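Contents: one structure, followed by commentary.
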Amino acid sequence: MTVREVNFDGLVGPTHNYSGLAHGNVASMSHEGLVANPREAALQGLEKMKSLMDAGYAQGVLPPQQRPDLGALRELGFAGSDAQVLARAADEAPQVLRAVCSASSMWTANAATVTPSVDAPDGRVHFTPANLQSSFHRYLEPATTGRVLASIFADEARFAHHPVLPATPAFSDEGAANHTRLAGDHGEPGVHLYVYGRQAFGGDGIAPRRYPARQTLEASQAVARQHGLGDAQTVFAQQHPEAIDAGVFHNDVIAVGNGPVLLYHEYAFRDEAGTLDALRERMASPLIPVRVPVEAVSLDDAVASYLFNSQLLSNPDGTMTLVVPGECQEREAVWRCLQDHLLAGHNPISEVVVKDVKQSMRNGGGPACLRLRVALSEAERAALSGRVLLDDALHGELVAWVERHYRDRLAPADLADPALASETLAALDELTGLLRLGSVYPFQR
Ligand code: SUG
């Protein structure tokens with residue numbers, strides 16, 4: 001069975017802006033108020049997708065969400081016409097308006113956790129949308145995420161969709177950004193590494209002090225249970241609290257795995273040796289750990305460059321390509337580590353590709369945040385609904401769609417403009433036709 005990983009990238013939505021909404025995410029906090037360029041952001045994302053597609057990797061696309069989320073504003077008591085709702089929110093609760101305008105669904109690594117069919121007892125691909133309850137702007141995502149995933153992965157004989165975990169701190173779930181599947185090859189049975197920041201019930205209480213831990217052990221365990229994974233297939237490891245306090249708000253900011261390779265920073269796990277041992281005990285193929293010591297790359301350099309928020313991709317000849325953000329070139333220690341330690345070392349990484357996703361990076365989203373990995377067999381790929389696998393024609397249509405609808409300047413103050421809301425709805429209505437997704441947005445229902 002040929003199983004390939006498909007990277008489903010989130011298309012950046014027309015309301016992309018810098019509102020400083022994410023506490024503990026250093027880039028989001030430090031870029032608050034900057035004027036964003038939504039058009040450039042979407043085109044940067046599409047360029048990344050196209051170049052990876054051209055290089056032979058399977059590439060998919062997921063649509064942005066409906067923003068501003070007028071339904072959320074109405075639930076919060078803002079009443080009247082759409083324009084009145086926006087004007088009242090802008091006047092009485094500007095922070096709430098910023099949150100309901102966030103284009104944060106672009107970071108599809110947080111959309112869901114996915115288990116490939118080869119690992120699931122019922123032979124189906126399993127999905128759980130993440131509740132993203134740690135922040136209000138992201139808590140608004142899972143309902144639409146669930147509808148989008150159900151519309152694309154609609155064949156019930158092949159795909160299983162689970163409910164979002166209870167949206168409460170004990171089950172705080174941020175999806176695939178805290179989940180790594182390790183296996184000799186994508187088609188072989190894998191071991192699932194779930195990384196959590198804190199334990200809600202019991203435990204020894206050791207947790208970050210400065211910034212929130214966004215994933216709990218209990219949430220990760222519940223996802224593994226929903227997907228039918230047993231002890232022999234799962235490892236639960238606590239993230240190093242110091243890393244979270246330095247701005248590592250997801251595991252994918254400090255580690256990335258692919259096939260048998262786990263590329264990670266010395267401060268990724270609270271118990272590094274125990275985590276590697278537990279993986280080795282369970283894996284059928286030898287684990288290939290690639291460790292970056294703190295002397296080579298400090299936590300600050302890791303957070304600023306997003307070295308570990310890279311995509312590690314398998315090539316047909318057994319080598320791997322690391323897709324890093326442009327910011328890695330700007331930090332000397334990081335660039336040196338890439339050349340001297342990673343490329344020159346004994347590991348399958350044979351190529352580094354640099355991508356410019358600066359618009360997303362300023363909100364703390366690198367190449368790996370922008371994609372949800374779904375390993376699919378040929379038959380599963382053929383069973384997808386909608387038009388979401390990228391080819392030249394779809395890429396061209398999406399670029400033209402962005403150029404037709406997106407602004408090239410958006411400051412937080414512009415979010416109150418009622419024209420932005422109507423422009424966005426017109427764009428999204430056209431997009432669901434283009435991607436053949438049906439009525440996934442609240443305004444279409
Ligand atoms: O949840 N930023 C996102 C970035 C998510 C990155 N994803 C992964 N690491 N997988 C977050 O912190 C900032 C939005 C703003 O400030 O306007 C934001 O939500």
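Structure data summary
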| read-out | value |
| --- | --- |
| Verdict on residue 100 being at pLDDT 95 or above, crowded, with 23+ Cβ neighbours inside 10 Å and outside any loop (DSSP other than H, G, I, E, B) | yes |
| Residue ranges of strands (runs of 3 or more DSSP E) in segment 240-359 with at least 2 members charged (D, E, K, R) | 349-355 |
| Close pairs (7 angstrom Cβ cut-off, 6 or more residues apart or separate chains): of a type in the set (Ser, Thr, Tyr) in segment 220-246, surrounded by fewer than 22 Cβ atoms within 10 Å (Cβ to Cβ) and part of a strand (DSSP E or B) anywhere | 220/194; 220/236; 234/194 |
| Selection count, segment 136-145, where residues are more than 9 Å from the ligand (Cβ to nearest atom) and either part of a helix (DSSP H, G or I) or surrounded by fewer than 21 Cβ atoms within 10 Å (Cβ to Cβ) (or both) | 6 |
| Restricting segment 107-135 to residues that are in contact (Cβ under 8 Å) with a residue 60 or more places away in the chain and within 9 Å of the ligand (Cβ to nearest atom), the residue that is nearest to residue 19 (Cα to Cα) | 135 |
| Scope segment 170-215; condition within 16 Å of the ligand (Cβ to nearest atom) and out of contact with any His (no Cβ under 8 Å at 6 or more places or on another chain); matching residues | 172, 173, 175, 176, 196, 197, 208, 210, 213 |
| Unmet requirement for residue 164, which otherwise passes all of (1) over 30 Å from residue 78 (Cα atoms); (2) assigned to a loop (DSSP other than H, G, I, E, B); (3) without any contact (Cβ under 8 Å) to a residue 40 or more places away in the chain | (1) |
| Options 214, 270; residue that is charged (D, E, K, R) and in contact with a Ser or Thr (Cβ under 8 Å, 6 or more places away or on another chain) | 214 |
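Conditions (1) out of contact with any Gly (no Cβ under 9 Å at 6 or more places or on another chain); (2) surrounded by fewer than 20 Cβ atoms within 10 Å (Cβ to Cβ), marked per residue:
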residue: 128; (1), (2): no, no
residue: 133; (1), (2): yes, no
residue: 165; (1), (2): yes, no
residue: 172; (1), (2): no, no
residue: 185; (1), (2): no, yes
residue: 194; (1), (2): yes, no
residue: 201; (1), (2): yes, yes
residue: 213; (1), (2): no, no
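One line per residue, one yes/no per condition, for (1) within 11 Å of the ligand (Cβ to nearest atom); (2) within 18 Å of the chain's Cα centre (by Cα); (3) not in a helix (DSSP H, G or I):
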residue	(1), (2), (3)
5	no, yes, yes
28	yes, yes, no
33	yes, no, yes
40	no, no, no
59	no, yes, yes
79	no, no, yes
86	no, no, no
105	yes, yes, no
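The values are calculated or read from the model by the stated rules, or taken from the named source; none is laboratory data. Remember, it's a predicted structure, so these values are computed and weren't measured experimentally. Methodologically, a virtual Cβ is constructed for each residue, glycine included, from the backbone with ideal geometry; neighbour enumeration extends over all protein chains shown.
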